[in-house]
Ligand SMILES: Nc1ncnc2c1ncn2[C@@H]1O[C@H](COP(=O)(O)OP(=O)(O)OP(=O)(O)O)[C@@H](O)[C@H]1O
Ligand SMILES: [Mg+2]
């Protein structure tokens, strides 16, 4: 057994992520891997035994370039095909078509206008991360919503329009993290589209309030099914997803709804999964790197 090289991919503004993955680097090193970070786009990623997409959070304005780089890296997790599907939030509609309950979503491609919901609503870019470009509007707003939609369209991105799920203000969203297809840990993310939210100094993500939570069996079952459906869409075995995070909110009636299924570069909340979660991921990564 050699010492495989495993690289975690970050971006120029966060070349070593936001700190949450330090424990993963340590776990990889303890398993005998040569582990380090790489900025996405760097050609040296092609030589690694495995590259793991982690803090690549600036790709939204350069998605084609990002996906080209993903395709150029022979050993990438999750891989380029997964990233291609998952970096465009219209994947939610694929999930819905296969029976997963999603936050009700209407798509407005550039040039398309929509009827604004008669409830409070959210407009967010189809390609986006870190809450950037997501905005919340009161019922009956039209001018500001028109302007925001036009601004997103002017950037060449489509937009999703969703009713604001007010349960998020009270309970946040539950993140269910899977490693190599198996449930690892859960945590809760507080509401982000609230007064007083601010961007991290990198400018790449809204700072988040995270808390531990024991997710209900219903939410765990829901997240588990969502992962199966994603594997089905991509004709993969769910164990081939090195990592996945399913973000679940509740409707007003209490039904679980999919807000996001993050297969590209989700924060995995190692602060909540702890060393055990990092060890699990490191072990799976090492196996892939040595295969
Ligand atoms: N329909 C909604 N109802 C309530 N809150 C919402 C809704 N859509 C988005 N939000 C809030 O905005 C945040 C960002 O939205 P979302 O997670 O869909 O996009 P994102 O930019 O990909 O986020 P990230 O990459 O940080 O997870 C959510 O974490 C949530 O707090
Ligand atoms: Mg999110």
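Every number here is computed from the coordinates shown, using simple stated rules; none is lab data. What you see is a predicted model, and the numbers here were worked out from it, not measured in a lab. Positions of Cβ are generated from backbone atoms using ideal geometry, with glycine treated the same way; all protein chains shown enter the neighbour counts.
A few remarks follow.
- Of all the listed residues (191, 195), the sole one being more than 28 Å from residue 275 (Cβ to Cβ) and within 14 Å of ligand 2 (Cβ to nearest atom) is 191.
- The set of residues in region 105-136 that are farther than 21 Å from residue 84 by Cβ, part of a loop (DSSP other than H, G, I, E, B) and either without any contact (Cβ under 8 Å) to a residue 60 or more places away in the chain or in contact with a helix residue (DSSP H, G or I) (Cβ under 8 Å, 6 or more places away or on another chain) (or both) comprises 111, 112, 113, 114, 115, 116, 117, 118, 119, 120, 134.
- Scanning region 158-165 finds no residues that are crowded, with 18+ Cβ neighbours inside 10 Å, more than 11 Å from ligand 1 (Cβ to nearest atom), assigned to a loop (DSSP other than H, G, I, E, B) and under 17 Å from the mean Cα position of the chain (by Cα).
- Number of positions in region 238-259 that are more than 25 Å from residue 193 (Cβ to Cβ) and within 16 Å of ligand 2 (Cβ to nearest atom): 1
- When residues of region 260-270 are limited to those that are within 19 Å of residue 100 (Cα to Cα) and buried (at least 23 other Cβ atoms within 10 Å of the Cβ), the one farthest from ligand 2 (Cβ to nearest atom): 263
- Note on region 235-285: residues that are in contact with a helix residue (DSSP H, G or I) (Cβ under 7 Å, 6 or more places away or on another chain) and farther than 29 Å from residue 124 by Cα total 8.
- Those residues of region 247-285 which are more than 11 Å from ligand 1 (Cβ to nearest atom), assigned to a strand (DSSP E or B) and within 12 Å of residue 189 (Cβ to Cβ), in sequence order: 248
- Some residue of region 137-157 being part of a strand (DSSP E or B), within 24 Å of residue 256 (Cα to Cα) and within 16 Å of ligand 2 (Cβ to nearest atom): no
- Residue-level check: of (1) under 16 Å from residue 267 (Cβ atoms); (2) within 10 Å of ligand 1 (Cβ to nearest atom); (3) not in a strand (DSSP E or B), residue 175 misses just (3).
- Residues in region 195-224 that are part of a loop (DSSP other than H, G, I, E, B) and either without any contact (Cβ under 8 Å) to a residue 40 or more places away in the chain or within 16 Å of the chain's Cα centre (by Cα) (or both): 195, 196, 198, 201, 204, 205, 207, 208, 209, 213, 214, 216.
- Scanning region 162-177 for residues that are in contact (Cβ under 8 Å) with a residue 24 or more places away in the chain and away from ligand 2 (no atom under 16 Å from the Cβ) yields a total of 2.
Here is a yes/no grid of residues against (1) farther than 25 Å from residue 156 by Cα; (2) under 16 Å from the mean Cα position of the chain (by Cα); (3) in contact (Cβ under 8 Å) with a residue 60 or more places away in the chain:
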{"position": "11", "(1), (2), (3)": "no, yes, yes"}
{"position": "20", "(1), (2), (3)": "yes, yes, yes"}
{"position": "27", "(1), (2), (3)": "yes, no, yes"}
{"position": "31", "(1), (2), (3)": "yes, no, yes"}
{"position": "34", "(1), (2), (3)": "yes, no, no"}
{"position": "37", "(1), (2), (3)": "yes, no, no"}
{"position": "42", "(1), (2), (3)": "yes, no, no"}
{"position": "55", "(1), (2), (3)": "no, yes, yes"}
{"position": "60", "(1), (2), (3)": "no, yes, yes"}
